[in-house]
1. Whole-Hz ³J(HN,Hα) for each residue in region A:112-124, computed from phi via Karplus 6.51 cos²θ - 1.76 cosθ + 1.60 with θ = phi - 60°, x for glycine and proline: what do you get?
2. Once Lys and Arg get +1 and Asp and Glu get -1 on their Cβ, which of B:I93, B:M123, B:S54 lies farthest toward the positive end of the dipole of chain B?
3. Treating only the Cβ atoms of Lys and Arg (+1) and Asp and Glu (-1) as charged, compute the dipole magnitude of chain A about its Cα centre; round to the nearest 20 debye.
4. For region A:37-81, rounded, prolate or oblate, judged on the Cα gyration tensor with a ≥ b ≥ c (square roots of eigenvalues), a/c < 1.5 rounded, else prolate if a/b > b/c?
5. Residue by residue through region A:85-91, what is 3J(HN,Hα) from phi via Karplus (6.51 cos²θ - 1.76 cosθ + 1.60, θ = phi - 60°)? Round to whole Hz and write x for glycine and proline.
6. Assuming 0.36 nm per residue, please report the length gained on full extension of the stretch A:R140 to A:A71 beyond their Cα-Cα distance.
7. At 25 °C and 0.890 mPa s, grab the translational diffusion coefficient of region B:1-46 from Stokes-Einstein with a Kirkwood Rh over Cα pairs, rounded to a whole number in µm² per second.
8. Within chain B, which whole H helices from DSSP have a Cα span along their axis of at least 18 Å and a mean Kyte-Doolittle hydropathy of -0.5 or more, if any?
Amino acid sequence: MTEFTPLSAALGGALIGLAAVALMATNGRIAGISGIFAGVLAPVRGEGRADFPWRLAFVAGLLIAPLLYQALGGLRPAFDIARPLGFTLIGGLLVGYGSRLGSGCTSGHGVCGVSRVSKRSVVATATFMASAIATVFIVRLLSGA
Amino acid sequence: MKVLSALAVGLIFGLGLTVSGMINPAKIIGFLDIGGAWDPSLLVVMASALAVASVGYRIVLARAKPAFEDKFQLPTKTEIDRPLMLGSALFGIGWGLSGLCPGPAISAAALGDGAVYVFLLAMVAGMLLKDGWKSA
């Protein structure tokens, strides 16, 4: 389906790790996107938050990044949704709900938590990896691909 | 300063996601698809991120405080409870169905594919469903 790209994977991963460390060094926070983004929703939920500005700035950085990448000479990043829209919609609902219920996602638990050797994050990561792999496997079986 | 640093960190994080191809759902599903043509790239991304973060965190957390705040804000829970397990399982199903998760989806929004906006709106709905509203 997609090619194994070890070099760019290693470089990109290092940048992700660096960003996580940098956020801790500057703002003292875990770089867990689900949590940071949920905080941006606070005004929508009627909850005032004093730490809204840095959260919005972080999300803005994420948004701008692929544009910066291209401005710096990178090729337009490959994007293939690879799924029917219904899957994307239901997936979004589950990712939103699940990340809040489980207190984190691939960045918060998978990168930040595991690197801190947090028991909770190791369990969370193993759990969502397993359920994600199982989901893709079942979809493959059912679609007869 | 903490707003500027957050912006810069968001940019670096997003660049990492972009460079590694993690904003491409096909690449995520390629990793999760162990029964198909397997693309282990995500494993390398994780390993690299973990290598940097585990060393970096150790250095940074040995300090008295972060640069622009009074203290480090680290998670305090240690128990492996039902919400953690159930939430992670549900998250994984959603991730497996869509090939997207919060960080990559936000970055991918810049590429303009309408499907990403559908994901993001649904993700917001899912978060609001869980977190609820303050009564007016």
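The values are calculated or read from the model by the stated rules, or taken from the named source; none is laboratory data. Owing to the predicted nature of the structure, the values given are computational and were not obtained by experimental measurement. Here Cβ is always computed from backbone atoms with ideal geometry, including for glycine, and neighbour counts include all displayed protein chains. All accessible areas refer to the heavy atoms of the entire protein, side chains included, with ligands and DNA or RNA removed. Shrake-Rupley method; radii C 1.70, N 1.55, O 1.52, S 1.80 Å.
1. Values per residue, Gly and Pro as x: 5, x, 5, 5, 8, 6, 7, 3, 4, 6, 5, 5, 4 Hz.
2. Sorting the options by dipole projection puts first B:S54.
3. 320
4. Because a/c hits 1.5 or more and a/b fails to exceed b/c, region A:37-81 counts as oblate.
5. These are the phi-based 3J(HN,Hα) values: 4, x, 5, 4, 5, 5, x Hz.
6. Gain on stretching A:R140 to A:A71: 21.1 nm.
7. The estimated diffusion coefficient comes to 208 µm²/s.
8. B:2-19, B:41-61, B:82-98, B:114-131
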